[in-house]
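The structure under discussion appears below in the form of structure tokens.
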There are 2 protein chains.
Amino acid sequence: MTLPPLSRYLPILDWGRRYDRSSFTGDMVAAVIVTIMLIPQSLAYALLAGMPPEAGIYASIAPILLYAIFGTSRALAVGPVAVVSLMTAAAVGNIAESGTAGYVAAALTLAFLSGAMLLALGLFRLGFLANFLSHPVIAGFITASGILIAASQLRHILGIQGEGHTLLEIVGSLLAHLDEINLITVGLGVSATAFLFWVRKGLKPFLRLLGLGPRMADIGAKTGPVLAIIATTLAVWAFDLGERGVAIVGEVPQSLPPLTLPSFSPSLVSQLLVPALLISIIGFVESISVAQTLAAKKRQRIDPDQELIGLGAANMGAAFSGGFPVTGGFSRSVVNYDAGAETPAAGAFTALGLALAALFLTPLIHYLPKATLAATIIVAVLSLVDFSILKRAWRFSRADFAAVSATIGLTLLFGVEVGVTAGVVTSILVHLYKTSRPHMAVVGRVPGTEHFRNVLRHEVETQPHVLSLRVDESLYFPNARYLEDQLSAYAADKPELTDVVLMFPAVNEIDLSALESLEAINTRLHDAGIRLHLSEVKGPVMDRLKRSHFLDELTGEVFLSQHEAACRLAKAGRDGPRTVRRSARASSSVQ
Amino acid sequence: MTLPPLSRYLPILDWGRRYDRSSFTGDMVAAVIVTIMLIPQSLAYALLAGMPPEAGIYASIAPILLYAIFGTSRALAVGPVAVVSLMTAAAVGNIAESGTAGYVAAALTLAFLSGAMLLALGLFRLGFLANFLSHPVIAGFITASGILIAASQLRHILGIQGEGHTLLEIVGSLLAHLDEINLITVGLGVSATAFLFWVRKGLKPFLRLLGLGPRMADIGAKTGPVLAIIATTLAVWAFDLGERGVAIVGEVPQSLPPLTLPSFSPSLVSQLLVPALLISIIGFVESISVAQTLAAKKRQRIDPDQELIGLGAANMGAAFSGGFPVTGGFSRSVVNYDAGAETPAAGAFTALGLALAALFLTPLIHYLPKATLAATIIVAVLSLVDFSILKRAWRFSRADFAAVSATIGLTLLFGVEVGVTAGVVTSILVHLYKTSRPHMAVVGRVPGTEHFRNVLRHEVETQPHVLSLRVDESLYFPNARYLEDQLSAYAADKPELTDVVLMFPAVNEIDLSALESLEAINTRLHDAGIRLHLSEVKGPVMDRLKRSHFLDELTGEVFLSQHEAACRLAKAGRDGPRTVRRSARASSSVQ
């Protein structure tokens, strides 16, 4: 059988065969801990996405199971995450009012489209497209998103109305409704936020003081949100704060995830295509980096194209079970890993735990104040906000700095979709610009040697009637015409020129566009009375050139080495070698 | 003054200063010949673009003058050309009915938008974007366009109605109207076509037989279309064929180009944005290649960004003087050059000639049959049709072949806009795919030397606990993650690995994304118990790395040479060097 083994597309076949009791114990412990952590997180991200609270739990069940079957990471935990939830709210909020059936339906369609795109990218092995979102752009985008998310949750802390997808809209809306402020809600929200901040910083040392081991203390600290939820829910219930204007979660259906069917209305699909693509890319990029970081610790292997399939299946699952777009989350995956998860079965057990929660725990969260969920979100996302990327980028390169600051600024001013699109477009344009101008160097001989170096960096000898140009890049269509332009310019500027040598030691490939450019260069130089030579052509490139008529038409020769070219083209007596002296940097660089 | 000299943006200041009597003579002779050739060509391309005939002449006057001021080519003749006229018809035909005022207004807007885009691309020096249209894609597009154009003109030869922008639509429409065929029109059209084909092949030898010099014979042969026009116009006039169903040009206003104002209605502009961009790119690519070919013959210099400004100004001129989109044409430019044009003043004189024609000759073409114009177009465009590109591409590379055949097929099936868009998108995707997977080679030592070569191509020694990977490309965001993926895979597959050496002799640049990838690789390898080393890092790259904390965090060392790395990492006694033998190609390539 020459097909790839089925286990490549179904990694479960690989790890499932070797599953044993010790893996089971590790997975089970991890699942219990992650389940406890995921309940508040799922509810909170559902709120952020504008969905009913139970949708957050549903979005964690089927996706986790499907990822366990198709994904390659042993520890990745899939479900709603902050940035993707914010992007969902931005995309679906343009189409329907939050809280309506149309809103929920559009979120299902968005999850379906995102799942379909991820699957398609995976099946066609197009995961490389995500590479075009550069690291600084992602960092800037996540920082700006964190600010937007935190700002958007302030209204729940203040107990007022509010909306908007850009920083100005959100702040403006908060100010407009400031008179509706509910002081009890503020009290609950601020206490919960303060408590959760303390949990992040202070609970772990406190648990260590109580005698817990470092790992348990770490895990215990992650249960802080559950404590906040229990305490505030009890407070609302005991003092009947719901009647006094505190917004609560309210009735939550007690059921397993429902079977849902996304809408395929053409107008809805066409409106959601671009958001779905952006969500897919951002989700994939976040998820793969978490997966690779965790896999490295155990020398496990992540297959990026199979990850796309895993995430695609997870989103499809969300679409058909009442969820919304999901991806691999950082904090839940780290907790899963630290708690000892050994295989994706931990995810399956987590799904089971969440299903039980959906069946039996939902009545208990009736009195849960939304302010607590908002506090959970704010504390979680503020850890994503990191402006140090600006400083790093500034110090490292101005181009990267421009990309980061544009992404941050545009995301805050115009929302996530404009921000991330601008980031991608900027990155690709900068990339196209750079590759369309490959590095080329006019070279001359280092006196007394057979070496040829850049005339701008070294003291070398050149001959006025010979131009030797080293091309430091493969030649293909984005840069082929640049070579034409450069040689036209040299030919026009140097009337004494009779020979051009293109030195190809770094040319690994030539495509048909570059071949045609070389033919055009050959003809044009011939018309200008100049011969064209090549030197140091690699074997595969030579093979390819032989498949065309270029070598027959070449007006000059193909030299094995640049030294040979220089010797043969030297016109003894006419004008001897001329030494070009520049402020040659005594650089230690390997040229 | 540190600004660039004004003559960079106004090349006329450069050549105008040195203008003399000999240049004047050459330019004048060329202008007379080009004017005679342009009259039928302009009328014909106006017909192809769906515009009134006089628009073709108008589109040649102001654009030629403006190009003469702003363009850098000495010989380029700007005006309506076949492919751009076809694209105009396709774009404007979607918006209004040919022959209506709305159609003419939309064509003006299209010319304006195209001019504005070309100007913007030139001012921001974005001409490199045109490079992403690869040569094979252009060749395929022009061949397919030639077929579409020829097919679309058949209806004028047959004297029937017809429409459509794809091959199936055109042929279907012809068949549907076949019963309306007008035999007199067919007689005129077929004779004119046959005569023009003979002119292309036979007139030149015939003129030589009559004793003309080769250059004059060549130029004489270009006047064939004028002869065909005179003969058929006289026939229609003498036998009153217009009354017998032969479609004639009819009333043409006798005037200089009018001052026109394009419409800026937002809905029109938004519909024409994409077509205008495609027309701009195709027009620029065609024009620059003609300009460079002609400039090379006299060692003149073409500045691609300034060419964009010249063509932008020309299209602006067309928009405000009753024209439609224009660009530098191949045949007219070659005739201009061959006839002895020395400066852009030849263009100015041509414009004068055409203005006189617009004023005084238009009554003479009242009886000109449209079939003759169609014959002119068919004969001209069939010379563009060249399927040999398919064979060339097939032999040269499968990727190029796929791009060409897709472009040809999609253009014929779905029209010019889909075709050229698909060509651009395919080219860019293939490019992104290739750059996202840079060439990397695991290397080993050539026994007895200090040289390191690809283990797949050479007989070399490696050590099982050391992986030496040579990266043959600068590291930046499109390929940074690929390096992460590859190293994760190696680390997962080789349990005995303790040291990884990344060999950077070909890494010219590292951006922030790649730096972060290197940091992630360093951390992940560390987690897996593997040290990361670098070797042969170039000076500028080293400088850049020093601006970050990467070198402090690097778990291994930075070696000046790969040889030094191998010596230091060799674990004498544990396991000696192992010789990897492969079917090493005894290649003569310079590696």
- line: Averaged over the residues of A:299-306, the number of partner chain Cβ atoms within 10 Å of each residue's own Cβ comes to 5
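Given a 1.4 angstrom probe, I'd like the percentage of the accessible area of the protein assembly as shown that is carbon and sulfur, rounded to a whole number. Spell out each step's value before the answer.
Details: 30240 of 47600 Å².
The value for the protein assembly as shown is 64 percent carbon and sulfur by accessible area.
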- request: List the residues whose amide H sits under 5 Å from the amide H of B:ARG531, counting only those 5 or more places along or on another chain, with H placed 1.01 Å from N in the peptide plane.
  value: B:ASP499, B:VAL500
- request: Just the number, please: Stokes-Einstein D of region B:257-409 in µm²/s, Kirkwood Rh from C-alpha pairs, 25 °C, 0.890 mPa s.
  value: 130
field: DSSP-assigned coil residues among trypsin sites (Lys or Arg not before Pro) in region B:1-83, each with at most 10 further Cβ atoms within 10 Å
entry: B:ARG18
Label point 7 Å beyond Cα along the C-beta direction, distances from A:VAL446 to other copies (nm, shortest first): 1.8
statement: Distance in Å, no decimals, from the C-alpha centre of region A:467-502 to the one of region A:86-139 is 45
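Mean residue ellipticity at 222 nm from the helices of chain A, using -39,500 (n - 2.57) per DSSP H segment of n ≥ 4 over the full residue count, to the nearest 500 deg cm²/dmol?
Working: 25 runs with 358 residues, N = 591.
Here the helix-only value at 222 nm equals -19500 deg cm²/dmol.
Please list B:103-114, A:469-480, A:422-433 highest first by mean number of surrounding beta-carbon atoms within 10 Å per residue. Write out the running numbers ahead of the final one.
Numbers: B:103-114: 26.1, A:469-480: 23.2, A:422-433: 19.3.
Order by mean packing, descending: B:103-114, A:469-480, A:422-433.
For the protein assembly as shown, what is the percent of antiparallel DSSP beta bridges, rounded to the nearest 5? Could you put the intermediate results ahead of the total?
Numbers: 28 of 54 bridges.
Here the antiparallel bridges make up roughly 50 percent for the protein assembly as shown.
Would you mind telling me the antiparallel percentage of the DSSP bridges in chain B, rounded to 5? Walk me through the intermediate numbers first.
Numbers: 14 of 27 bridges.
Here the antiparallel bridges make up roughly 50 percent for chain B.
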Folded to 0 to 90 degrees: helix A:398-414 orientation relative to chain A principal axis, Cα: 40
- line: With the charge dipole of chain B built from beta-carbon charges (+1 for Lys and Arg, -1 for Asp and Glu) about the Cα centre, the Cα from B:ALA120, B:ILE281, B:SER388 projecting farthest to the positive end belongs to B:SER388
task: Anything losing 50 Å² or more of accessible area from the isolated chain to the full protein assembly: pick those residues out of region B:116-139, probe 1.4 Å, ligands and DNA/RNA ignored.
output: B:PHE128, B:ASN131, B:PHE132, B:HIS135
task: Would you be so kind as to identify which of B:PHE206, B:GLN41, A:GLY317 lies farthest towards the positive end of the dipole of the protein assembly as shown, taking Lys and Arg as +1 and Asp and Glu as -1 on Cβ and the Cα centre as origin?
output: B:PHE206
query: If the label for B:GLY102 sits 7 angstrom from Cα along the Cα-to-Cβ line, what are its distances to the same label in every other copy, in nm to one decimal, shortest first?
result: 3.1
message: What is the distance in Å between the Cα centroid of region A:1-63 and that of region B:194-243?
response: 79
query: Short version: ³J(HN,Hα) in whole Hz for each residue of region B:92-102, in order, from phi by Karplus 6.51 cos²θ - 1.76 cosθ + 1.60 (θ = phi - 60°), x for Gly and Pro, what are they?
result: 6, x, 6, 10, 9, 7, 4, x, 9, 5, x
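With a 1.4 Å probe and all protein chains in place, put B:ASP552, B:ASP386 in order of accessible area, largest first. Walk me through the numbers before you get to the answer.
Values: B:ASP552 120, B:ASP386 75 Å².
Solvent-accessible surface, decreasing: B:ASP552, B:ASP386.
What accessible area, summed over both chains, is buried at the A-B interface (1.4 Å probe, Å², nearest 100)?
Values: alone 27470 and 27540 Å², together 47600 Å².
Chains A and B together bury roughly 7400 Å² of accessible area.
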- prompt: Roughly how big is region B:440-580's charge dipole about its Cα centre, with Cβ charges of +1 (Lys, Arg) and -1 (Asp, Glu), in debye to the nearest 20?
  reply: 320
message: Please list 3J(HN,Hα) in residue order for region B:432-446, calculated via the Karplus relation 6.51 cos²θ - 1.76 cosθ + 1.60 where θ = phi - 60°; whole Hz, with x for glycine and proline.
response: 4, 4, 5, 5, 7, 10, x, 6, 9, 9, 6, 10, x, 7, 5
statement: Cβ-Cβ cut-off under 13 Å around B:VAL537, Lys and Arg +1, Asp and Glu -1: the net charge is -1
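Using a ≥ b ≥ c from the Cα gyration tensor of region A:23-405 (square roots of the eigenvalues), is it rounded, prolate or oblate, where a/c under 1.5 gives rounded and otherwise the larger of a/b and b/c decides, a/b for prolate?
Working: a/c = 1.25, a/b = 1.14, b/c = 1.10.
Cα axes put region A:23-405 in the rounded bin.
So, counting K/R as plus one and D/E as minus one, what does the shell of residues with Cβ under 15 Å around A:GLY71 add up to?
Result for the neighbourhood of A:GLY71: -3.
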field: At 7 Å out from Cα toward Cβ: B:VAL226 inter-copy label distances (nm, ascending)
entry: 9.4
field: 5 angstrom amide H check on A:PHE452, placed H, neighbours 5+ away
entry: A:VAL446
- prompt: Using bins 5 angstrom wide from zero, how does P(r) for region B:1-131 break down, in % of all Cα pairs?
  reply: 2, 9, 15, 19, 17, 14, 13, 7, 3, 1, 0
task: List the residues of region A:544-567 whose accessible area drops by at least 40 Å² when all protein chains are present, compared with their chain alone, using a 1.4 Å probe and counting only protein heavy atoms.
output: A:ARG544, A:ARG547
- prompt: What whole-number value in Å² describes the accessible area per residue of region A:23-405 for a 1.4 Å probe?
  reply: 37
Separation of alpha-carbon centers, region B:284-339 and region A:386-465, rounded to whole Å: 31
message: Just want the answer: with Cβ charges of +1 for Lys and Arg and -1 for Asp and Glu, which residue in B:HIS526, B:LEU569, B:SER427 is farthest toward the dipole's positive end in region B:425-577?
response: B:SER427
message: About the Cα centre, and with charges only on the beta carbon of Lys, Arg (+1) and Asp, Glu (-1), how big is the dipole of the protein assembly as shown? Nearest 20 debye, please.
response: 2940
Accessible surface of A:MET503 - all protein chains present, 1.4 Å probe, nearest 10 Å²: 10
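Would you please name the chymotrypsin sites (Phe, Trp or Tyr not before Pro) within region B:166-201 that are DSSP coil residues with at most 12 other C-beta atoms within 10 Å of their C-beta?
none
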- line: Under the rule rounded for a/c under 1.5, else prolate if a/b exceeds b/c, else oblate, using alpha carbon gyration tensor axes a ≥ b ≥ c, the protein assembly as shown is classed as oblate
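Can you give the Kirkwood hydrodynamic radius of region B:440-580 from its Cα pairs, in Å with one decimal?
Working: mean 1/r = 0.0660 Å⁻¹.
That comes to 15.2 Å for region B:440-580.
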task: For region B:507-558, take the alpha-carbon Rg, divide it by the Kirkwood Rh, and send me Rg/Rh.
output: 0.94
- line: Of all trypsin sites (Lys or Arg not before Pro) in region A:263-322, the ones in DSSP coil with at most 14 other Cβ atoms within 10 Å are A:LYS298
Shape of region B:280-359, Cα gyration tensor, a/c cut at 1.5: oblate
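Take every DSSP beta bridge whose two residues both sit in region A:440-580, then give the antiparallel share in percent to the nearest 5.
Numbers: 10 of 23 bridges.
Expressed as a percentage, antiparallel bridges in region A:440-580 total about 45.
The values are calculated or read from the model by the stated rules, or taken from the named source; none is laboratory data. All values reported here derive from a predicted model rather than from experimental measurement. Cβ sites come from the backbone with ideal geometry, for glycine too, and all protein chains shown count toward neighbours. Areas reflect the complete protein model, heavy atoms only, side chains present, ligands, DNA and RNA absent. Shrake-Rupley method; radii C 1.70, N 1.55, O 1.52, S 1.80 Å.
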